[in-house]
Amino acid sequence: MKQIYTVTGMTCNGCKASVENKLNAIDNVLNATADLEKAEALIEVLNHIPIGELQKALSDKYSISEKKVLNISTVEGQQASTMIEKKSELKQLYPLFLIFGYITIAAVLINYRPWSGVDFMLDFMGLFYIVFSFFKLLDLKGFPESFKMYDPLAKVMPIYSWVYPFIELGLGILFLMRIQIPIALIITLVILGITTVGVTKTLLNKKTIQCACLGTALKLPMTKATFIENSIMIVMAIIMLAKTYA
């Protein structure tokens, strides 16, 4: 059963992520997603949860009240659920595909004459980190809350989620300036390897959460595209390390 609640007090993406974290931690909650613009939360539950229990899980900053109930076992419920999800998964991921395409084209053009596969990968990785860190830094306050929802290290070490955008920025500079490439490659394998473990667990659990790969400025769902994106960077890092020490 899915229930829609009105949630007041959310003023930023950090608030949104905090509400989702606290609601998802409640027993019998299968999945909870908040909508900052509508001041709503869509909660999928195994059994009905009293409104008092939901309010108790949230801080005093937020107020939650029941709006309506959807029984998704019926055709009507499925149609209503579809209306709530206005954008298809593909459309939601459009910004990610667009940015990925621009980064790829830029790396190709930089190394077109003469062509260099090695330099292409270094420039691709450098541009990837620079661009992705930019979006994370747009909402540095909200990013940590979203990131620690799936990154294993950020869950146990909150400071890591605050430092992560700057790590990406630093790696981008190292790759583009061709400074300490082996070290940058090893760091890439470590941080993206850890994140990929968290992404994989999220996908296997079929849990719907917001992907923080482009920060919280763009609302992207956690999908296989996130796994593929990390895997491409990991494969490139492995190839470059093999070439370095061959």
Worksheet item: Based only on the alpha carbon positions, what is the Kirkwood hydrodynamic radius of the range 85-179, in angstrom?
Response: 14.8
Worksheet item: For residue 148, which aspartates and glutamates qualify as cross-link partners when the Cα separation must be under 14 Å and same-chain residues fewer than eight apart are set aside?
Response: 20
Fill in: Stokes-Einstein diffusion coefficient of the chain, Kirkwood radius over Cα pairs, 10 °C, 1.306 mPa s, in µm²/s
81
Discussion item. Between residue 26 and residue 231, how high is the FRET efficiency from 1/(1 + (r/R0)^6) when r is the Cβ-Cβ distance and R₀ = 25 Å? Nearest 0.05.
Written reply: 0.15
Worksheet item: What helices does the chain have that are whole DSSP H segments, at least 18 Å long along their own axis by Cα, and with mean Kyte-Doolittle hydropathy of 0.5 or more?
Response: 94-110, 117-138, 158-177, 181-204, 224-245
Item to complete: With a ≥ b ≥ c taken as the square roots of the eigenvalues of the C-alpha gyration tensor of the range 1-50, please select rounded if a/c is under 1.5 and otherwise prolate if a/b is larger than b/c or oblate if it is not?
Response: prolate
Fill in: Simple label model, 7 Å out from Cα along Cβ direction - residue 187 to residue 1, nm
5.1
Response to the item:
Checked against the positive end of the charge dipole of the chain (+1 on Cβ of Lys and Arg, -1 on Cβ of Asp and Glu, about the Cα centre), the farthest of 157, 128, 146 is 128
Practice prompt. Return one whole number: the accessible area per residue of the chain in Å², for a 1.4 Å probe.
Written response: 52
Fill in: Calculated FRET value between residue 137 and residue 8, using beta carbons and R₀ = 25 Å, to 0.05
0.30
Item to complete: Please list 131, 197, 156 in order of solvent-accessible area, largest first, computed with a 1.4 Å probe with all protein chains present.
Response: 156, 197, 131
Item to complete: Give 56/136; 38/91; 91/206; 201/243 a once-over and call out the pairs whose C-alpha atoms are over 28 Å from each other.
Response: 56/136; 201/243
Discussion item. About the Cα centre, and with charges only on the beta carbon of Lys, Arg (+1) and Asp, Glu (-1), how big is the dipole of the chain? Nearest 20 debye, please.
Written reply: 160
Discussion item. Under 10 Å, Cα contacts only: if you run a Gaussian network model on the chain, which one of 144, 165, 182 comes out with the highest mean-square fluctuation?
Written reply: 182
Discussion item. So if I take the centroid of the Cα atoms in the range 24-43 and the same for the range 113-188, what is the distance between those two points in Å?
Written reply: 30
Discussion item. So, taking all protein chains as they sit and a 1.4 Å probe, how much accessible area belongs to residue 139, in Å² rounded to tens?
Written reply: 30
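The values are calculated or read from the model by the stated rules, or taken from the named source; none is laboratory data. Computed from a predicted model, the values in this text were never measured in an experiment. Every residue, glycine as well, gets a Cβ built from its backbone with ideal geometry; the counts of neighbours run over all protein chains shown. Note: accessible area is taken over every heavy atom of the protein model, side chains too, but ligands, DNA and RNA are not part of it. Shrake-Rupley method; radii C 1.70, N 1.55, O 1.52, S 1.80 Å.
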